[in-house]
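Just below is one structure, and these are the notes that go with it.
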Amino acid sequence: MAVTAPGSPYVESSDLVANYPGVSESLAERVDLVGVLPFADSTARGTALPSPTDGQYSYLQDTNATEYYNGSAWVAAGATPGLVHINTTTFSAVSSVSLDNVFTSDYENYKIMMFSTNSVQALLNFRYRASGTDNSGALYYMRGVNQGAVTTTEANLVTLHEIIQTGIETTSFTMDLFNPQETKFTSNAYIAGSLAVGILGMYRTGSGTYGATTAFDGFTLSLSTGNMTGTIRVYGYSNGA
């Protein structure tokens with residue numbers, strides 16, 4: 001048996017037939033090491049490769065992602081994206097939805113995007129979470145501008161949660177969060193809109209700060225009444241190289 005300069009084995013003319021199974025196995029193992037191996041998802045990959053090798057590549061079929069092992073973790077191959085998808089959660093006919101463990105030390109800043117249809121007109125409220133529990137302290141400092149039939153500006157409010165929007169038939173919003181996972185003051189800025197057939201839509205923009213140096217790993221969105229059906233997506237902003 002001989003090997004190429006990069007290290008792939010092959011059979012030479014002088015090899016005995018008895019050498020062929022060993023060379024074949026070595027070649028298969030080499031392909032596993034240097035090829036891009038497809039897996040259904042990260043769980044299947046972890047089962048097949050419990051001890052990956054630094055530089056090994058894989059392809060995840062559920063997310064269509066090519067990743068490589070950097071010696072300690074699987075990371076995206078190619079250029080580092082500026083916005084990295086973390087979580088997608090769908091919900092149906094619920095009054096509230098909570099996401100846990102979406103804020104980690106991997107990113108400093110985050111983006112939340114949501115679209116929902118609502119059973120009745122209601123307030124969409126936002127709270128931070130830690131260890132599976134909402135933070136309900138009256139430390140949510142918020143200010144916003146509402147634009148509909150008239151435009152109103154809120155004074156600086158201190159509340160038990162942030163009011164994101166008065167949802168009618170549909171509500172959509174995007175929010176940027178800053179340092180939620182660190183023991184610092186957490187702040188955010190958001191844009192939200194709602195619409196009902198035959199009724200003037202509502203537009204809202206605002207910002208908020210939690211008035212204590214608290215670390216959070218998740219959040220809850222809830223309606224003041226009725227229920228909602230929709231999708232929430234969470235992304236992390238890359239810190240760059």
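The values are calculated or read from the model by the stated rules, or taken from the named source; none is laboratory data. Here the structure is a predicted model, which is why all the values come from computation and not from measurement. Here Cβ is always computed from backbone atoms with ideal geometry, including for glycine, and neighbour counts include all displayed protein chains.
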TODO: Filter region 58-76 for residues that are at pLDDT below 85 and touching a Phe, Trp or Tyr at 6+ places or on another chain (Cβ under 9 Å) and give the result.
DONE: Val75, Ala76
Open item on the list: Being of a type outside the set (Gly, Ala, Ser), at negative phi and modelled with pLDDT under 85: is that true of Glu29 here?
Closed with: yes
Open item on the list: Looking only at residues that are out of contact with any Phe, Trp or Tyr (no Cβ under 7 Å at 6 or more places or on another chain), touching a residue at least 40 places away in the same chain (Cβ under 8 Å) and among the hydrophobic types (A, V, I, L, M, F, W, C) in region 194-227, which one is nearest to Gly148 (Cα to Cα)?
Closed with: Met202
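Matching residues to (1) at pLDDT 90 or above; (2) assigned by TED's automatic domain parsing to the domain that holds Val120; (3) touching a Pro at 6+ places or on another chain (Cβ under 6 Å):
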position	(1), (2), (3)
Thr43	yes, no, no
Pro52	no, no, no
Thr88	yes, yes, no
Val94	yes, yes, no
- [ ] Considering only region 127-193, give the strands (runs of 3 or more DSSP E) lying wholly within it that have at least 1 residues that are touching a residue at least 24 places away in the same chain (Cβ under 8 Å) and either crowded, with 16+ Cβ neighbours inside 10 Å or β-branched (Val, Ile, Thr) (or both).
- [x] 140-147, 157-159, 162-167, 170-178
TODO: Can you give me the number of residues within region 69-83 that are surrounded by fewer than 17 Cβ atoms within 10 Å (Cβ to Cβ) and in a strand (DSSP E or B)?
DONE: 3
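Looking for something in contact with a His (Cβ under 7 Å, 6 or more places away or on another chain) and not hydrophobic (A, V, I, L, M, F, W, C) - is there at least one such residue anywhere in region 102-122?
no
Would you check if Tyr203 is aromatic (Phe, Trp, Tyr) and modelled with pLDDT under 90?
yes
Are any residues in region 88-126 part of a loop (DSSP other than H, G, I, E, B) and either surrounded by fewer than 17 Cβ atoms within 10 Å (Cβ to Cβ) or basic (Lys, Arg) (or both), and if so, which ones?
Ser95, Asp100, Asn101, Thr104, Ser105, Asp106, Ser119, Val120
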Task: Count - residues of region 210-227 that are more than 21 Å from the chain's Cα centre (by Cα) and buried (at least 17 other Cβ atoms within 10 Å of the Cβ) - done: 3
